[in-house]
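One structure is given here, and the rest of the page talks about it.
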Amino acid sequence: MRCVVANWKMNLASEEARAFCEDLLGRCTPGAGTEVGIAPPFTLLHLVSDLVRPRGFQVFGQNGHAEAKGAFTGEISMPQLRDAGCSGVLLGHSERRQFFGETDGALAKKVKAAWQWDLLPLLCIGETLDQRDAGQTLEVLRQQLSILAETGPGPLWVAYEPVWAIGTGRRAEAAQVLEAHAFIRSELKRHRAHAERGVPSLYVATETPESFPELLTIPEVAGGLVGGASLDPRKFAELVRQAG
Ligand code: 13P
């Protein structure tokens, strides 16, 4: 199975989102064997899901709280994401870890909450430049996936983000991408995470229509979680086409 997910981050307002979706729908629909998702900001979830879900796209929240409701100003819960049309949720994106102090302990609770509300967690993991330079990459991935010992098995997608290759002009080599994805697969097996169907493992770091086809030739890479290029419907549709 191939998967391509657009992470809009904190971009677009409603009229831009509507124009994006109408343009995208004119260019592509998910094919058999390809899952395509969009993760818009919370304010756009209803609008985007009403437009794209009838055409077979999935909608993801960019974050979700572990509690179902309560006094957590500024947060959004998993049942609220479901109510807004989501079928999945991004968890542990490097920007959440770096700027908002997201910890592995909190993520274990969030993964469990997502499952409780029938949302597919797309768990992002990856090493920083210092960690890679110190030879700690696989240890960091092992640690970030160790939350699965606490959550137990369940449906999951994983996105590997070499944080040092996002917005830096540096590019992960195919051998580095392969090593990380193969390690992720073996760790997921060890944790018996969705072992019977295999867990799609996506790559994250500035995919473009120019770089994506080569990435897709790397064994273990099931697709991409796309940032900047996903804000352009022409480019995102091309990535969907390449994955199909
Ligand atoms: P860019 O594709 O803009 O580098 O972002 C990658 C990312 O963080 C996707 O979630």
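For V177, are the conditions met, namely being open to solvent by less than 10 Å² (accessible area, probe 1.4 Å), more than 11 Å from the ligand (Cβ to nearest atom) and either within 16 Å of the chain's Cα centre (by Cα) or on the phi < 0 side of the Ramachandran plot (or both)? If you could, list the steps in order and put the result at the bottom.
Details: open to solvent by less than 10 Å² (accessible area, probe 1.4 Å): yes; more than 11 Å from the ligand (Cβ to nearest atom): yes; either within 16 Å of the chain's Cα centre (by Cα) or on the phi < 0 side of the Ramachandran plot (or both): yes.
It is true that V177 is open to solvent by less than 10 Å² (accessible area, probe 1.4 Å), more than 11 Å from the ligand (Cβ to nearest atom) and either within 16 Å of the chain's Cα centre (by Cα) or on the phi < 0 side of the Ramachandran plot (or both).
What tally of residues in the stretch 88-112 results from selecting those that are open to solvent by 30 Å² or more (accessible area, probe 1.4 Å) and in a loop (DSSP other than H, G, I, E, B)? Quick ask: steps written out before the conclusion?
To start, the set of residues in the stretch 88-112 that are open to solvent by 30 Å² or more (accessible area, probe 1.4 Å) comprises 95-101, 103-106, 109, 112.
Pick out the ones that are also in a loop (DSSP other than H, G, I, E, B) and you get 101, 103.
The qualifying residues number 2.
Among the residues of the stretch 233-244 satisfying the criterion of being open to solvent by less than 20 Å² (accessible area, probe 1.4 Å) and within 13 Å of the ligand (Cβ to nearest atom), which is farthest from I38 (Cα to Cα)?
Filtering the stretch 233-244 for residues that are open to solvent by less than 20 Å² (accessible area, probe 1.4 Å) and within 13 Å of the ligand (Cβ to nearest atom), the one farthest from I38 (Cα to Cα) comes out as L239.
With respect to E127, determine if the residue is closer than 25 Å to R2 by Cβ, modelled with pLDDT under 95 and of a type in the set (D, E).
Details: closer than 25 Å to R2 by Cβ: yes; modelled with pLDDT under 95: no; of a type in the set (D, E): yes.
Answer is no for this residue.
Go over the candidates G92, G64, G88 one by one and state the one that is touching a residue at least 60 places away in the same chain (Cβ under 8 Å) and within 17 Å of L156 (Cα to Cα).
Working: G92 fails: touching a residue at least 60 places away in the same chain (Cβ under 8 Å); G64 fails: touching a residue at least 60 places away in the same chain (Cβ under 8 Å).
That would be G88, the only listed residue that is touching a residue at least 60 places away in the same chain (Cβ under 8 Å) and within 17 Å of L156 (Cα to Cα).
Going through T168, T217 one at a time, which residue ends up being open to solvent by 20 Å² or more (accessible area, probe 1.4 Å) and within 11 Å of the ligand (Cβ to nearest atom)? Break it down into steps so the answer makes sense when it comes.
Details: T217 fails: within 11 Å of the ligand (Cβ to nearest atom).
T168 is the lone residue from the list that is open to solvent by 20 Å² or more (accessible area, probe 1.4 Å) and within 11 Å of the ligand (Cβ to nearest atom).
Taking S230 as the residue in question, decide whether it is away from the ligand (no atom under 12 Å from the Cβ), open to solvent by less than 20 Å² (accessible area, probe 1.4 Å) and either out of contact with any strand residue (DSSP E or B) (no Cβ under 6 Å at 6 or more places or on another chain) or within 19 Å of G37 (Cα to Cα) (or both). Give the steps one after another, and end with the answer.
On the way: away from the ligand (no atom under 12 Å from the Cβ): no; open to solvent by less than 20 Å² (accessible area, probe 1.4 Å): yes; either out of contact with any strand residue (DSSP E or B) (no Cβ under 6 Å at 6 or more places or on another chain) or within 19 Å of G37 (Cα to Cα) (or both): yes.
No.
So, in the stretch 4-34, exactly how many residues are in contact (Cβ under 8 Å) with a residue 60 or more places away in the chain, more than 16 Å from the ligand (Cβ to nearest atom) and not in a helix (DSSP H, G or I)?
Qualifying residue count, the stretch 4-34: 5.
For residues that are open to solvent by less than 20 Å² (accessible area, probe 1.4 Å) and among the hydroxyl-bearing types (S, T, Y), scanning just the stretch 180-210, find the one that is modelled with the lowest pLDDT.
Kept after step one, since they are open to solvent by less than 20 Å² (accessible area, probe 1.4 Å), are these residues of the stretch 180-210: 180-181, 184, 187-188, 193, 199-205, 207.
Cutting the leftovers down to among the hydroxyl-bearing types (S, T, Y) gives us 201, 203.
Values: S201: 74, Y203: 78.
That would be S201.
Every residue in the stretch 1-34 that is open to solvent by 60 Å² or more (accessible area, probe 1.4 Å) and at pLDDT below 95, please.
Within the stretch 1-34, M1, R2, T29, A32 meet the criteria.
For the structure I just gave you, tell me whether R132 is basic (K, R) and more than 16 Å from A39 (Cβ to Cβ).
Working: basic (K, R): yes; more than 16 Å from A39 (Cβ to Cβ): yes.
Answer is yes for this residue.
Could you tell me how many of the residues in the stretch 103-132 are free of Cβ contacts under 8 Å to residues at least 24 places away in the same chain and within 16 Å of the ligand (Cβ to nearest atom)?
0
Considering the stretch 150-165 alone, what residues qualify as being more than 16 Å from the ligand (Cβ to nearest atom) and open to solvent by less than 80 Å² (accessible area, probe 1.4 Å)?
Residues of the stretch 150-165 that are more than 16 Å from the ligand (Cβ to nearest atom), as a first pass: 150-156.
T151, G152, G154, P155, L156 - these are the residues of the stretch 150-165 that are more than 16 Å from the ligand (Cβ to nearest atom) and open to solvent by less than 80 Å² (accessible area, probe 1.4 Å).
Quick one: which residue in A159, A172, A205, A180 is under 11 Å from G126 (Cα atoms) and in contact with a Pro (Cβ under 6 Å, 6 or more places away or on another chain)? Break it down into steps so the answer makes sense when it comes.
Details: A159 fails: in contact with a Pro (Cβ under 6 Å, 6 or more places away or on another chain); A172 fails: under 11 Å from G126 (Cα atoms); A180 fails: in contact with a Pro (Cβ under 6 Å, 6 or more places away or on another chain).
On inspection, the qualifying residue turns out to be A205.
The values are calculated or read from the model by the stated rules, or taken from the named source; none is laboratory data. Worth saying up front: this structure is predicted, and the values here are computed from it rather than measured. Backbone-built Cβ (ideal geometry, glycine too); neighbour counts: all protein chains shown. The protein model used for the area step is the full one, side chains on, heavy atoms only, and it has no ligands, DNA or RNA in it. Shrake-Rupley method; radii C 1.70, N 1.55, O 1.52, S 1.80 Å.
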